[in-house]
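The values are calculated or read from the model by the stated rules, or taken from the named source; none is laboratory data. What you are looking at is a predicted structure, and each value in this text was computed from that prediction instead of being measured. Every residue, glycine as well, gets a Cβ built from its backbone with ideal geometry; the counts of neighbours run over all protein chains shown. Note: accessible area is taken over every heavy atom of the protein model, side chains too, but ligands, DNA and RNA are not part of it. Shrake-Rupley method; radii C 1.70, N 1.55, O 1.52, S 1.80 Å.
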Amino acid sequence: MNEIKELFPRGGANTAYAQYFVGNSYLNMLSTEGVVIGNVTFEPGCRNNWHIHHAARGGGQILLCTAGRGWYQEWGRPARELRPGDVVNIPAGVKHWHGAARDSWFVHLAVEVPGENARNEWLETVSEADYSQLP
């Protein structure tokens with residue numbers, strides 16, 4: 001196992017959203033008032049499905065990477081490697097996915113940007129063929 005130093009305690013198994021992930025993830029909700037912030041831990045090879053954060057106004061998500069190595073990809077663009085200290089601003093309406101590299105645990109804070117009528121739309125899995133191309 002590739003050991004990582006986590007800034008916040010790892011949460012329990014992310015069973016509520018497990019159907020939208022390939023592999024195991026863990027969720028520790030750090031804030032559920034005002035601004036929603038979740039500490040999400042991905043085991044090696046774990047990633048979430050393609051998804052879109054919708055909102056009539058505002059909305060979206062910010063990822064603050066805290067440990068390990070992972071990936072972020074927007075639809076139609078190359079995947080971007082993520083390491084501790086990286087920040088990803090995801091506007092509402094952008095189809096994307098994020099998760100761990102094959103050989104590393106990965107942790108990020110997922111900050112939900114407040115928005116009017118905000119909701120998530122979960123879509124298809126990231127294909128194994130596409131994921132396996134990443135270093």
note = Of the candidates 135, 78, 84, the one satisfying the condition of being surrounded by 12 or more Cβ atoms within 10 Å (Cβ to Cβ), in a loop (DSSP other than H, G, I, E, B) and over 13 Å from the mean Cα position of the chain (by Cα) is 84
task = Please indicate, with yes or no, whether at least one residue in the range 22-35 is at pLDDT below 95, among the small types (Gly, Ala, Ser) and surrounded by fewer than 13 Cβ atoms within 10 Å (Cβ to Cβ).
result = yes
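Which residue out of 42, 8 is farther than 15 Å from residue 125 by Cα, open to solvent by less than 10 Å² (accessible area, probe 1.4 Å) and of a type in the set (Phe, Trp, Tyr)? Please lay out each step first, then the result.
Values: 8 fails: open to solvent by less than 10 Å² (accessible area, probe 1.4 Å).
42 is the lone residue from the list that is farther than 15 Å from residue 125 by Cα, open to solvent by less than 10 Å² (accessible area, probe 1.4 Å) and of a type in the set (Phe, Trp, Tyr).
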message = Quick check on the range 111-121. Is at least one of its residues more than 14 Å from the chain's Cα centre (by Cα), surrounded by 14 or more Cβ atoms within 10 Å (Cβ to Cβ) and not in a loop (DSSP other than H, G, I, E, B)?
response = yes
inquiry  = Being under 18 Å from residue 17 (Cα atoms) and either touching a Ser or Thr at 6+ places or on another chain (Cβ under 8 Å) or crowded, with 21+ Cβ neighbours inside 10 Å (or both) is the filter here; which residues of the range 50-69 pass it?
reply    = 50, 53, 61
Qualifying positions in the range 52-106 - farther than 27 Å from residue 116 by Cα and of a type in the set (A, V, I, L, M, F, W, C) = 67, 71, 79, 82, 100, 101, 105, 106
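I'd like to know if the range 87-102 contains one or more residues that are outside any loop (DSSP other than H, G, I, E, B) and open to solvent by 20 Å² or more (accessible area, probe 1.4 Å).
At the first step, the residues of the range 87-102 found to be outside any loop (DSSP other than H, G, I, E, B) are 87-90, 96-100.
Applying the additional criterion that residues be open to solvent by 20 Å² or more (accessible area, probe 1.4 Å) yields 87, 89.
Looking for residues that are outside any loop (DSSP other than H, G, I, E, B) and open to solvent by 20 Å² or more (accessible area, probe 1.4 Å), one finds at least one in the range 87-102, hence yes.
Condition check: among the aliphatic types (A, V, I, L, M), under 15 Å from the mean Cα position of the chain (by Cα) and either more than 20 Å from residue 36 (Cβ to Cβ) or not in a loop (DSSP other than H, G, I, E, B) (or both). Does residue 107 satisfy that?
Numbers: among the aliphatic types (A, V, I, L, M): yes; under 15 Å from the mean Cα position of the chain (by Cα): yes; either more than 20 Å from residue 36 (Cβ to Cβ) or not in a loop (DSSP other than H, G, I, E, B) (or both): yes.
Against the criterion (among the aliphatic types (A, V, I, L, M), under 15 Å from the mean Cα position of the chain (by Cα) and either more than 20 Å from residue 36 (Cβ to Cβ) or not in a loop (DSSP other than H, G, I, E, B) (or both)), residue 107 qualifies.
Among the candidates 126, 107, which residue alone is of a type in the set (Val, Ile, Thr), in contact (Cβ under 8 Å) with a residue 24 or more places away in the chain and farther than 26 Å from residue 8 by Cα?
Numbers: 107 fails: farther than 26 Å from residue 8 by Cα.
Going through 126, 107 in turn, the sole match is 126.
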